[in-house]
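The values are calculated or read from the model by the stated rules, or taken from the named source; none is laboratory data. Remember, it's a predicted structure, so these values are computed and weren't measured experimentally. Virtual Cβ from ideal backbone geometry, glycine too; neighbours counted across all protein chains shown.
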Amino acid sequence: MERKWWLVIAGCITHAVNTGFSYFGMSAFFPSFEREFGWSRTAISGAFSLARIESGLLGPLEGYLTDRVGAHRMLFIGLVVCSFGFVALSWVTSLPMLYAVIIVGIVLGSSLGYNMPISVLIAKVFHERRSLAFGIFRMGPGISGPLVPLVGWMIGLWGWRTAAVVSGIIIFSVGLPIACFIYRIYLQEEAAISGFEAGNAQAPTTRRLSNDPQFTLSEAMRLKAFWFLSTAMALRHMVTEGVSVHFVILLVDRGWTTAAASSLLGLSALIGAPARLGMGWLGDLLDKRKMMMGLLLALSFSVLLMGYTADAVIFTPCMIIYSLSYGGLASLQEPIRADYFGTKAFATIQGMSRSITTAGTFMGPIIAGFLYDLTRSYTIAFGIFAAVSLGAVALLFLAKRPQAPTLSQ
């Protein structure tokens, strides 16, 4: 096996640990915050939503720093910030403090140390079989499933404050050696990457530009495809963020224990793992845009029924469809961005795109929490999410792949 595939495998493992605690696992803390502090679900949801604003406000800066400082170095910075964020979570005594800890600690560290740098390394290293590489990397959230019931179990056994500290210790203990491993692989691959780019520079101009487009940020932002694609992703994130944040508390309302609901959320993530790998493999063979449109249609159907029924016979199959759709969409968004705009300014373009998707990720949990507080039900919120998914399909239909930039540009 080529050395660069070990980078993908290591990235998948560390992505799994980070996602299990920092993303899915955070939902397990939701009921504890509500019980101990008496905060409304809208207020608690705001902490999760404002955390997503971090990606929007700082996404372009994170991308710029990653391109300038080096993705392999950003791994260590993010690891420390994220780990300390969980320790600080155990000290929370007020709502503003909760907001600050989640945004400045857990989410910022997660973005700096996991999502952005590893995505950049994979995009740069892989030119062939790029979608498969991202599919393997994005399997991380899927195999993170067993960590979610672990968080719920720790909360039930020790309380949420101790569980937060233990979560930080686990993230640092697992993440540090893996970050060192990725760092060593990258240093070994760096010469090969430079050689590849030098080879491209000597290749015939027309072939090089048509096969591997290299847009700058300013060039990408002048394209309709950039805005259609980014907005479609924003709508997708509105749906999945809203469902994920409220998944555990939705089931608790329907009579599930926190541990059992956390386990089902973990199962949902695990179910999505094969889709991440399978859709990544298919993405190298088929039209990624059309694949994403089909997955969004399935997402719309499943979310609609999940919100309207508590019957396990209907809810469970819909949860499976939702999980597979979610997983497939997650594995295709970075490869299609690299295919459309290239890797020359991949981190910067991705960071700017995240500033757009932030609108969706912010609104999703807030909408669900607000409508629950208003109606004491998630039915209307999930119905809105189903309609939003259809809107994303329409935008992707319009987001045709742009022509590569010419020398005159």
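Going through (1) at pLDDT 85 or above; (2) more than 30 Å from residue 402 (Cβ to Cβ); (3) surrounded by fewer than 21 Cβ atoms within 10 Å (Cβ to Cβ) one by one, residue 188 falls short only on (1).
Inspect the stretch 363-374 for any residue being part of a helix (DSSP H, G or I), out of contact with any helix residue (DSSP H, G or I) (no Cβ under 9 Å at 6 or more places or on another chain) and of a type outside the set (Val, Ile, Thr) and give the result as yes or no.
The first filter runs over the stretch 363-374 and keeps only residues part of a helix (DSSP H, G or I), leaving 363-374.
Next cut, out of contact with any helix residue (DSSP H, G or I) (no Cβ under 9 Å at 6 or more places or on another chain) only: none.
No: zero hits.
For the residues 305, 374, 324, the requirement of being of a type outside the set (Lys, Arg), under 22 Å from the mean Cα position of the chain (by Cα) and modelled with pLDDT of 90 or more singles out 324. Against the criterion of being part of a helix (DSSP H, G or I), buried (at least 24 other Cβ atoms within 10 Å of the Cβ) and within 14 Å of the chain's Cα centre (by Cα), residue 355 does not qualify. Here the condition is being assigned to a helix (DSSP H, G or I) and more than 19 Å from residue 140 (Cα to Cα); of 267, 304, it holds for 304 alone.
Test residue 364 against the criterion of being of a type outside the set (A, V, I, L, M, F, W, C) and under 15 Å from residue 229 (Cβ atoms), and give yes or no. Explain how you work it out, then say what you get.
Working: of a type outside the set (A, V, I, L, M, F, W, C): yes; under 15 Å from residue 229 (Cβ atoms): no.
Criteria not met by residue 364.
Counting only residues that are without any contact (Cβ under 8 Å) to a residue 40 or more places away in the chain and either of a type in the set (Phe, Trp, Tyr) or farther than 16 Å from residue 161 by Cα (or both), the stretch 78-90 holds 2 of them. One residue stands out among those in the stretch 273-289 that are assigned to a loop (DSSP other than H, G, I, E, B) and not charged (D, E, K, R): the one that is surrounded by the most Cβ atoms within 10 Å (Cβ to Cβ), which is 286.
Residue 68 - would you say it is part of a helix (DSSP H, G or I), at pLDDT below 85 and surrounded by fewer than 20 Cβ atoms within 10 Å (Cβ to Cβ)?
Working: part of a helix (DSSP H, G or I): yes; at pLDDT below 85: yes; surrounded by fewer than 20 Cβ atoms within 10 Å (Cβ to Cβ): yes.
For residue 68, the condition - part of a helix (DSSP H, G or I), at pLDDT below 85 and surrounded by fewer than 20 Cβ atoms within 10 Å (Cβ to Cβ) - is met.
Remark: pairs (first residue in the stretch 97-117, on the phi > 0 side of the Ramachandran plot; second residue of a type outside the set (Val, Ile, Thr); Cβ separation under 6 Å; 6+ apart in sequence or on different chains) are absent. Return yes or no: is residue 306 in contact with a Cys (Cβ under 6 Å, 6 or more places away or on another chain) and either without any contact (Cβ under 8 Å) to a residue 24 or more places away in the chain or of a type outside the set (Ser, Thr, Tyr) (or both)? Criteria met by residue 306. Taking (1) in contact with a helix residue (DSSP H, G or I) (Cβ under 8 Å, 6 or more places away or on another chain); (2) outside any helix (DSSP H, G or I); (3) among the acidic types (Asp, Glu) in turn, residue 62 satisfies each apart from (2).
Have a look at 2, 62 and point out the one that is surrounded by fewer than 21 Cβ atoms within 10 Å (Cβ to Cβ) and either of a type outside the set (Lys, Arg) or closer than 20 Å to residue 368 by Cα (or both). Steps first, please.
On the way: 62 fails: surrounded by fewer than 21 Cβ atoms within 10 Å (Cβ to Cβ).
After ruling out the rest, the residue left standing is 2.
State all residues of the stretch 144-182 that are part of a loop (DSSP other than H, G, I, E, B), surrounded by fewer than 20 Cβ atoms within 10 Å (Cβ to Cβ) and small (Gly, Ala, Ser); if no residue qualifies, say none. Answer for the stretch 144-182, where residues must be part of a loop (DSSP other than H, G, I, E, B), surrounded by fewer than 20 Cβ atoms within 10 Å (Cβ to Cβ) and small (Gly, Ala, Ser): just 159. Whenever a residue of the stretch 336-350 is modelled with pLDDT of 85 or more, its partners that are among the hydroxyl-bearing types (Ser, Thr, Tyr), lying with C-beta atoms within less than 8 angstrom and at least six residues away or across chains, give the pairs 337/353. Using the structure shown, decide if residue 322 is more than 19 Å from residue 120 (Cβ to Cβ) and surrounded by 24 or more Cβ atoms within 10 Å (Cβ to Cβ). Here the answer is yes, as residue 322 does meet what is asked.
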